[in-house]
Amino acid sequence: MVEEILIIENKQVDLIPKTITRNIQLNNLGNVTNKQSSYSQSIKLPKTTKNTKIFEFLGVVGNQSTAPYKKLKCTYYCGGVCLVNDGYAVVNGTTDMYYNIVIYNGIITLATALQGKTMADLDYSYANHTLSENSYKDGLLSDNTLYQYPVVDYSDWEYTNIFPATVQIDKQYPMLRVKQLFKNIFTQSDLIVTGDYIDETIGNDEITNITDAYNITDAGGGGDTALGSFATNTITKNVTDGIAPIHIENDFNITSNSLSSPLSVSSNKITCNSNNKPIQFTCTFTCTCDDGIGTIRITKNNVTIDSFQFDDDITETNYEVNTILNNGDDIGFELISVSNGSYDVVLSARINGTAKEIAPSSYDVNIISNSEITQLDYIKDVMNRYGLLINYNALNNTYELKNIDNLITDFDNADNWTTKYQSSEGELYKSSYYQKNNFKFNYDENYIDEPLDGYFTINNPVLAEQKEIYTSVFNIAYAGTRQFKTKSLYRLPLLNYDEDNDKLVAKEETSPLYLFKLKRGLPSTFNARLLNDTPFSVTASPQLIGYVTLEDTSMQYYLDTYYNKFIQLLQNYKEVKMKMKLSIVDIYNFSFYKLIFLEQTGKYYFINNIRFNPNKPISDVVLVEIPFYV
């Protein structure tokens with residue numbers, strides 16, 4: 001008889017000999033999207049004094065034991081070999097004589113570690129940064145940043161204005177890599193994950209939005225530099241002959257100023273004597289108008305850069321004009337007076353202003369999320385799209401990923417179980433799949449593009465017709481007809497349009513996660529700015545400029561790329577039941593990530609399930625035959 005030791009909550013329990021039979025399993029190839037854990041058959045533990053104490057007197061009249069409502073940590077040894085490490089026991093019931101328990105281990109430990117955790121519970125501070133011209137360019141142009149700033153339209157559906165030619169970077173949300181978030185779910189719960197996907201380049205180009213993006217706070221800095229003030233004469237126009245349309249242009253004269261370097265006044269214009277100076281002019285326009293229309297035009301080197309129109313008495317304060325001046329550039333002010341209807345012009349205007357050199361704005365970006373998507377569902381989504389199996393290796397406390405196609409074609413590393421084979425007990429030919437198996441995404445209600453869903457078929461009329469196998473946690477964004485620099489401009493409605501103030505503000509409600517591929521090669525250059533700073537030019541090599549796309553994100557792409565061999569296997573699915581002579585050492589060394597080979601059949605197999613009792617010489621094994629054409 002093999003000695004068995006079961007430890008629950010760090011205490012060895014009394015066992016009835018030869019009563020523990022375990023079902024060892026990982027993934028049933030008949031339903032690969034359904035991840036499974038190993039478990040025992042119901043175990044009867046005698047109600048000894050020792051066991052009663054371990055279970056807090058459960059089953060004793062008047063007890064207040066909490067044991068049935070907890071996952072009790074357990075370890076299981078057979079013949080000195082640890083077959084269950086970091087498992088847990090669940091008490092299902094009691095009788096006068098026994099405690100009925102089941103022990104679990106395998107990937108169920110992952111569900112336990114992540115229980116109750118959502119994407120909002122992740123720490124995103126690894127990608128926090130100060131938003132400035134330089135950090136925006138880093139996120140737009142480089143693959144080496146932990147955040148990305150591809151060009152996206154974040155306005156909501158009610159905002160009909162075209163996307164601005166100058167990108168407002170404080171309205172661009174940082175995006176994060178899907179794979180990095182996948183890794184962080186493990187590392188932030190002190191778990192280790194390795195294998196396919198993690199150790200490969202696949203998936204490196206997938207990015208997603210942060211549902212609540214970020215809070216921004218002023219990062220401070222050196223501050224702006226005041227450069228003094230200026231004032232113009234008052235221009236008055238009083239033409240009332242009413243004979244013909246009137247159009248009069250007059251230059252304002254700068255009558256007084258206290259401007260300091262790099263600015264000065266020459267020939268009634270403000271001139272600059274240095275290069276690359278971001279200057280902000282703040283003007284007060286004092287205007288009267290009894291008839292006609294007046295326009296104050298601000299010019300740079302005689303080219304209009306801004307204008308203000310009036311047709312009534314008005315004092316417009318804090319009118320800001322931002323520009324970058326170089327040595328020799330000049331700023332001028334003109335009044336354009338035109339008649340309106342009566343052919344009369346009766347108006348006047350003058351300007352008082354200040355100037356300052358702008359210290360570029362910078363804001364601390366603290367990334368947060370209120371997403372209620374569970375971390376476990378996020379992990380499952382990546383695994384289901386990339387056809388990944390997951391196995392817990394208790395020997396090194398590691399979760400290992402393996403693509404299903406890679407596994408069922410890895411004949412070189414198969415174990416030869418020819419000597420363990422005893423007999424074949426029967427075959428089954430139906431998996432849990434259907435004739436048509438659908439995989440889907442979520443979509444916004446405004447989405448009208450072609451859906452990016454997918455499916456695979458099994459040519460077996462015996463199967464039920466069709467079923468939705470999986471729906472992603474991700475939404476698919478809508479591009480419509482909008483473009484930016486010849487590329488589709490995707491719309492993620494994370495900003496609400498405030499109609500009263502004619503501006504975009506952050507949504508209060510949580511938005512979905514959207515899935516994109518990050519591409520580089522946005523043609524041409526463009527201007528961008530932070531808040532009301534002077535615009536800057538993004539002039540990097542076009543092949544570096546990042547943008548988002550939905551290329552290679554359809555469910556059909558994932559199925560065709562990562563499930564190809566598996567789908568072939570399902571066309572002639574065969575599940576075989578066999579008797580095998582397995583030892584404790586066989587179970588200890590067993591890996592679900594290795595096929596087995598039998599000389600008796602000349603075939604390779606994937607093991608779905610092993611039913612193992614260390615005190616019985618023969619085990620029941622369920623295998624899936626790998627067709628020769630896979």
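Some notes on this structure:
- Sum of side-chain charges, D199 neighbourhood, beta-carbon under 13 Å (Lys, Arg +1; Asp, Glu -1): 0
- Ignoring lysines fewer than eight residues from K237 along the same chain, the ones with Cα atoms less than 24 angstrom from its Cα are K269.
- Low-density loop cleavage sites - chymotrypsin sites (Phe, Trp or Tyr not before Pro) in the stretch 38-82, where at most 16 other Cβ are within 10 Å (DSSP): F57
- Relative contact order for the stretch 319-409: 12 percent, from Cα pairs under 8 Å spaced at least 6 residues apart, divided by residue count.
- A crude spin-label estimate for the pair N10 and Y126, with each label 7 Å from Cα along the Cβ direction, gives 3.2 nm.
- Given K430/K565; K517/K574; K71/K574; K11/K183; K171/K485, the pairs whose alpha carbons are separated by over 28 Å: K517/K574; K71/K574; K11/K183
- Quotient of the Cα radius of gyration of the chain and 2.2 N^0.38 Å, N being its number of residues: 1.40.
- Centre separation in Å (Cα based) which lies between the stretch 543-593 and the stretch 261-283: 67
- Residue-span extension gain [N63 to I448] - 0.36 nm each, minus C-alpha spacing: 132.5 nm
- Using 0.36 nm per residue and subtracting the Cα-Cα separation, the extra length available between S342 and D290 on full extension is 17.6 nm.
- Residue ranges 258-266, 376-384 sort as 376-384, 258-266 when ordered by packing (mean number of other C-beta atoms within 10 Å per residue, highest first).
- In nm, spacing of pseudo-spin labels at T19 and K577 (7 Å Cα→C-beta vector): 2.6
- Over the stretch 225-296, the hull volume per residue, using the convex hull of the C-alpha atoms, is 120 Å³.
- Over the stretch 300-387, equivalent-ellipsoid semi-axes from the Cα gyration tensor in Å: 53, 22, 15
- Altogether, the Stokes-Einstein calculation at 10 °C and 1.306 mPa s, with the Kirkwood radius of the stretch 211-360 over Cα pairs as Rh, returns a diffusion coefficient of 95 µm²/s.
- Relative contact order (percent, whole number), the chain, Cα cutoff 8 Å, 6+ residue spacing: 17
- In the chain, helices alone account for a calculated mean residue ellipticity at 222 nm of -3000 deg cm²/dmol, with every DSSP H run of four or more residues adding -39,500 (n - 2.57).
- Principal semi-axes in Å for the stretch 519-604 [√(5λ), Cα gyration tensor, largest first]: 57, 18, 11
- Normalised by residue number, the volume inside the convex hull of the Cα atoms of the stretch 11-135 is 198 Å³ per residue.
- Förster-model FRET efficiency, 60 Å R0, E372 and T240, C-beta, rounded to 0.05: 0.30
- In terms of packing, defined here as the mean over residues of other Cβ atoms within 10 angstrom, the peptides 325-335, 551-561, 303-313 line up highest first as 325-335, 551-561, 303-313.
- More than 23 angstrom apart: percent of Cα pairs within the stretch 329-453: 74
- For C287, the solvent-accessible surface computed with a 1.4 Å probe is close to 0 Å², ligands and nucleic acids excluded.
- Shown here for the stretch 385-488: chymotrypsin sites (Phe, Trp or Tyr not before Pro) in loop regions (DSSP other than H, G, I, E, B) with at most 11 other Cβ atoms within 10 Å, namely F411, Y429.
- A simple count of charges around A414, restricted to other residues whose Cβ falls under 11 Å of its Cβ and scoring Lys, Arg +1 and Asp, Glu -1, yields -1.
- Percent RCO, i.e. relative contact order, over the stretch 1-158, from Cα pairs under 8 Å lying at least 6 residues apart: 20
- Kirkwood hydrodynamic radius of the stretch 380-480, from inverse mean 1/r over distinct Cα pairs, in Å: 17.6
- Between V303 and H247, the contour length at 0.36 nm per residue exceeds the alpha carbon distance by 18.3 nm.
The values are calculated or read from the model by the stated rules, or taken from the named source; none is laboratory data. These numbers were taken from a predicted model, which means no experiment stands behind them. For neighbour counting, all protein chains shown are included, and Cβ atoms are generated from backbone atoms with ideal geometry for every residue, glycine included. What goes into the accessible areas is simple: the full protein's heavy atoms, side chains included, and nothing from ligands, DNA or RNA. Shrake-Rupley method; radii C 1.70, N 1.55, O 1.52, S 1.80 Å.
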